[in-house]
Amino acid sequence: MQILILGGSLFVGRAIAEAALARGHAVTLFNRGLHGQPASPDVEEIRGDRDGGLDGLRGRSWDAVVDTSGYVPRLVRASAELLAANVKLYVFVSSISVYADFSEPVDERSAIATTADETIEEVTGATYGPLKALSEQAVEQAMPGRGLIIRPGVIVGPHDPTIRFSYWTSRVLDGGEVLAPGEPETPVQFIDVRDLAAWMIRLVEAGQTGTFNATGPEQASTMGALLEACRAAAGNDARFTWVDEAFLAAHGVEPGTHLPLWIPPSRQTYSCFFRTGIDRALAAGLAFRPLVETISDTLAWQRAHGTQPLPEKFGVPMPDLTLSRERERKLLEDFHGLAH
């Protein structure tokens with residue numbers, strides 16, 4: 001098949017390109033060339049810009065386009081309308097953030113987030129979900145019945161430009177006493193980017209349409225299971241001290257920011273963010289590699305590449321706000337002091 005990827009050189013797009021090439025497909029990348037070389041020399045590259053610079057796509061045809069870089073409905077609509085006559089399938093990488101309420105578990109039938117001003121284009125934490133939802137609608141309007149909407153949760157693995165997962169792999173690798181937040185039973189969900197990409201390419205091959213949540217693992221997992229898997233992959237003496245939410249809140253520790261992937265039950269609006277239903281995806285063949293493999297491969301990538309500067313998010317540089325080792329040590333000292 002001839003597959004066009006809008007993006008394709010950073011993380012999700014890179015993995016999709018690799019998965020497509022592994023299946024023998026021809027891959028074209030369309031991007032601005034800002035994130036280095038593509039994953040393989042066996043791809044065609046077209047330079048352009050989604051905002052007014054789509055001319056390189058005119059007069060070309062592909063079996064499918066995979067949109068990994070759509071955040072603003074106007075720009076998603078522009079690419080979908082331009083390609084509608086010459087592309088059979090439009091795959092849009094959306095997000096589970098499109099859902100309006102995570103106080104209860106969600107599935108593909110759950111209510112979608114909205115915004116009072118549908119012309120807004122500034123992508124922030126508050127607008128990200130509604131803009132993704134409007135972008136999904138733009139795909140369906142431009143190519144009715146020919147859209148495949150994928151709503152991933154947290155995506156992890158090698159080449160991940162964020163610190164949501166790699167904070168824990170690197171922290172446990174360092175060994176010693178590790179501050180573990182809340183309770184070991186707190187749920188977590190995430191998906192290895194390579195599992196996501198391989199599954200998406202199989203859906204493209206099948207001409208699949210519709211909407212699918214895409215996170216994992218298949219069976220419910222927890223913070224405790226994640227940290228134990230990190231220790232198994234590291235093979236060291238890391239030991240976990242579970243520090244209660246009240247203590248962390250009193251010391252200004254923010255869930256998800258200072259300690260990634262942790263959403264305590266008290267955050268009612270998001271208490272079920274990591275209980276997203278994936279039955280449709282499982283029925284459509286989504287499968288997962290062992291967690292220890294994801295962790296081991298992430299660690300190997302971290303060792304090979306060292307500390308990487310975080311990219312911009314929504315046009316703003318992403319600071320690393322996770323706990324420093326010094327602050328973690330002080331928190332543990334204070335926590336043990338209270339216990340005695």
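Taken together, the values in this text are just the output of simple stated rules run on the coordinates, not laboratory data. These figures come from a predicted structure and were not determined experimentally. Note: ideal-geometry Cβ built from the backbone for every residue, glycine included; neighbour counts use all protein chains shown.
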| field | Note, ³J(HN,Hα) from phi for segment 167-177, Karplus 6.51, -1.76, 1.60, rounded to Hz, x at Gly and Pro | value | 4, 6, 4, 6, 5, 5, 4, 5, x, x, 7
| message | I'd like the orientation of helix 223-234 relative to the chain: the angle between its Cα long axis and the longest Cα principal axis, in ° from 0 to 90, rounded to 10. | response | 90
| note | Amide H proximity to Ala214 below 5 Å, modelled H, separation 5+ or other chain, gives Arg151, Gly153
| task | Would you grab the residues whose amide H sits under 5 Å from the one on Val178? Only those 5+ places off in sequence or on another chain, please, with H modelled 1.01 Å from N. | result | Arg239, Phe240, Thr241
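When averaged across all projection directions, what area in nm² does the alpha-carbon convex hull of segment 104-159 cover? Let's see the in-between values first.
Numbers: hull surface 23.6 nm².
Convex hull of Cα atoms, orientation-averaged projection: 5.9 nm².
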| message | Could you derive backbone 3J(HN,Hα) for segment 152-161 from the dihedral phi with the Karplus parameters 6.51, -1.76 and 1.60 (θ = phi - 60°), listing whole Hz in sequence and x where the residue is Gly or Pro? | response | x, x, 6, 9, 9, x, x, 6, 5, x
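Work out the P(r) tail for the chain: percent of alpha carbon pairs separated by more than 40 Å, whole number.
Working: 7467 of 57630 pairs.
The calculated P(r) of the chain puts 13 percent of pairs beyond 40 Å.
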| Peptides ranked, highest mean first, by Cβ atoms within 10 Å: ranges 225-232, 60-67, 106-113, 2-9 | 2-9, 60-67, 225-232, 106-113
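Highest first, please rank the peptides 72-83, 87-98 by the mean number of other Cβ atoms sitting within 10 Å of their residues.
Put in order of decreasing packing, that is 87-98, 72-83.
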| request: Please compute P(r) over all alpha-carbon pairs of segment 3-125, binned at 5 Å starting from zero, and give each bin as a whole-number percent. | output: 2, 10, 19, 20, 18, 14, 10, 6, 2, 0
| remark: Here the convex hull volume per residue of segment 41-91, taken over Cα atoms and given in Å³, is 88
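How much net charge surrounds His305 when only the other residues with a Cβ under 15 Å from the Cβ of His305 are counted, with Lys and Arg +1 and Asp and Glu -1?
Once all neighbours under 15 Å are counted, the net charge is 0.
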| field | segment 69-128, Cα convex hull volume normalised per residue, Å³ | value | 110
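Within 10 Å, Cβ to Cβ, of Glu108, how many net charges do the neighbouring residues add up to if Lys/Arg are +1 and Asp/Glu are -1?
+1
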| the chain - percent relative contact order, Cα under 8 Å, separation 6 or more | 18
| What nm value, rounded to one decimal, do you get for the distance between Arg60 and Asp42 when each label is placed 7 Å out toward the C-beta? | 1.9
| query | How large is ³J(HN,Hα), in whole Hz, for each residue of segment 278-285 in order, when computed from phi with the Karplus curve 6.51 cos²θ - 1.76 cosθ + 1.60 and θ = phi - 60°, using x for Gly and Pro? | reply | 10, 4, 4, 5, 4, 5, 8, x
| remark: Taking alpha-carbon centroids only, segment 53-89 lies from segment 108-133 a number of Å equal to 21
| task | For segment 135-192, divide the Cα radius of gyration by the Kirkwood radius and give the resulting Rg/Rh value with two decimals. | result | 1.20
| message | If R₀ is 30 angstrom, what is the calculated FRET efficiency for the pair Arg303 and Glu81, using the beta carbon separation as r and rounding to 0.05? | response | 0.10
| field | Furthest towards positive pole of dipole, Leu248, Thr211, Asn31, structure part the chain, Cβ charges | value | Asn31
| Length gain on complete extension for the stretch Tyr270 to Arg109, per 0.36 nm per residue less the alpha carbon to alpha carbon distance? | 56.2 nm
| field | Local electrostatic count, Arg327, Cβ distance below 12 Å [Lys/Arg +1, Asp/Glu -1] | value | -1
| Counting only the backbone N, which residues of segment 201-239 are under 14 Å from the spot 7 Å out from the Cα of Ala283 toward its beta-carbon? | 209-213
| query | What residue among Gly56, Ile112, Tyr71 has its Cα farthest toward the positive end of the dipole of segment 47-137, where the charges are +1 on Lys, Arg and -1 on Asp, Glu, each on the Cβ? | reply | Gly56
| task | List every residue whose amide H lies under 5 Å from the amide H of Asp67, counting only residues 5 or more places away in sequence or on a different chain, with H placed 1.01 Å from N in the peptide plane. | result | Leu6, Val91, Phe92, Val93
